[in-house]
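These notes concern the structure reproduced below.
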Amino acid sequence: MVTEEVFFAWLDGELDADEAERVAAEVEADENLALRAEEHRALQRRLGTAFGTVLSDPLPEAVLAAARPEPEVVDLAAARRERQPRRWSGLPQWAAIAATLAIGVFAGTMVPHRDDDPVRIEGGKVYAAASLDRALTTQLASAPAGDTRIGLTFRDQDGAMCRTFTQPAASGLACRDGQRWRLRGFLAAPEVQAGTYRMASGMDPNLANLVGTAMAGEPFDAAQEKAARDKGWR
Amino acid sequence: MVPTISFDSELVAILPRLRRFAHGLSRNPADADDLTQATVERALRSREQWQPGTRLDSWACRIMRNLWIDAARARSRKDKVEAPAEEGELVGEDPTSGMDASVDLGRMMAAMDRLPDEQREVVALILIEGFGYREAAEMLDVPIGTVSSRLVRGRTALLEMVGA
């Protein structure tokens, strides 16, 4: 005779194969046990159906609001879905990026290069240079050094390695192009962009949008980031 | 930063399941949504305590269960002086004939509400959420034999209340 605990453990698939077989044989031979098993299976199905309706309900606004990230946390998935700038609604994302890049291009073409400029313009493309190039090539997100702090590392839709970075006056996204880092976005820090406006902290929403659009898959964890660096960002 | 992003997206992904577990624990849908919201808030505040690579659903369910227990303790003191739910209001009807699943949810919640808390939580974790006995035991910090015997009593009482 099986105990109640063993009977239900069998019903719930908690027994190992041998014991399950033994209990199954006993249940099959006992009409009352078989009936009881069927009643409890029906109860579980009914619980599954009734409570399953909750899964397909739309989530209440208050629950969604609670799960919405705080300002310092950027929801890349949402950024990828929206692909719209959220804070500077009057100015499209591409315009903000183009404007800051245009300033860079202008400065790059009209002003003689200095060896410590963080960007260099060549053939109409903007590349990381000097300290920015070194930071992108050698630094890990966990170990900020100098003025540059590395954020995310990931592969873009074409498989190129990309990294975000933050400096005191700017942040941006650079992706591997041959042996160099080509800038996909270089954004002035928010207080520079918007005068008195100052972000609480964290990633510029325009940069987050850019990352969300460029990124394929998930950002690298610390181990993947280090492995990618050790392999030369291929 | 990387764990932060996967934490947020995983948390959003398990919201419907968290909300279902909340319905398994709560006496009505409004309480369930309050509990879900409180759990999400607590989970976000405690995010450093979650270890990436471990199951976020178990971790969040444990948070929810602890919040519910805290509220239930306060509630049970109050309930002792209130009239108990009417006996027999759930029995004697054909429970399944043509019944809409969302209507049945209300009946099942009412029946679950009459189980003692320690039976109700194992029924919700194992029979509704599909956790194993061992996972439930770890979440509740009780021996697996305790989970097993509470589950026997809980599901037997539930079947008596609702038929099947």
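No lab work stands behind these numbers, since they all come straight from the coordinates. Computed from a predicted model, the values in this text were never measured in an experiment. Backbone-built Cβ (ideal geometry, glycine too); neighbour counts: all protein chains shown.
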Check your understanding: Rounded to the nearest 0.05, what FRET efficiency do residue B:6 and residue A:122 have when you use their Cβ-Cβ distance and R0 = 35 Å?
Key -> 0.45
Review point. Net charge near residue A:2, counting Lys/Arg +1 and Asp/Glu -1 over other residues with Cβ under 10 Å of its Cβ?
Key: -4
**Study point:** Radius 12 Å from Cβ of residue A:162, net charge of other residues (Lys, Arg +1; Asp, Glu -1)
**Key:** +1
Revision key, fill the gap. With label points set 7 Å from each Cα along the Cα-to-Cβ direction at residue A:130 and residue A:2, the distance between them in nm comes to 7.6
Practice item. Would you calculate the separation in nanometres between label points at residue A:179 and residue B:27, each defined as 7 Å from the Cα along the Cα-to-beta-carbon direction? Key: 7.4
Check your understanding: Want the number for residue A:28 to residue A:140: 0.36 nm per residue separation, take away the alpha-carbon distance, what's left?
Key -> 34.1 nm
Practice item. Could you work out the local net charge near residue B:113, counting Lys and Arg as +1, Asp and Glu as -1, over the other residues with Cβ closer than 9 Å to its Cβ? Key: +3
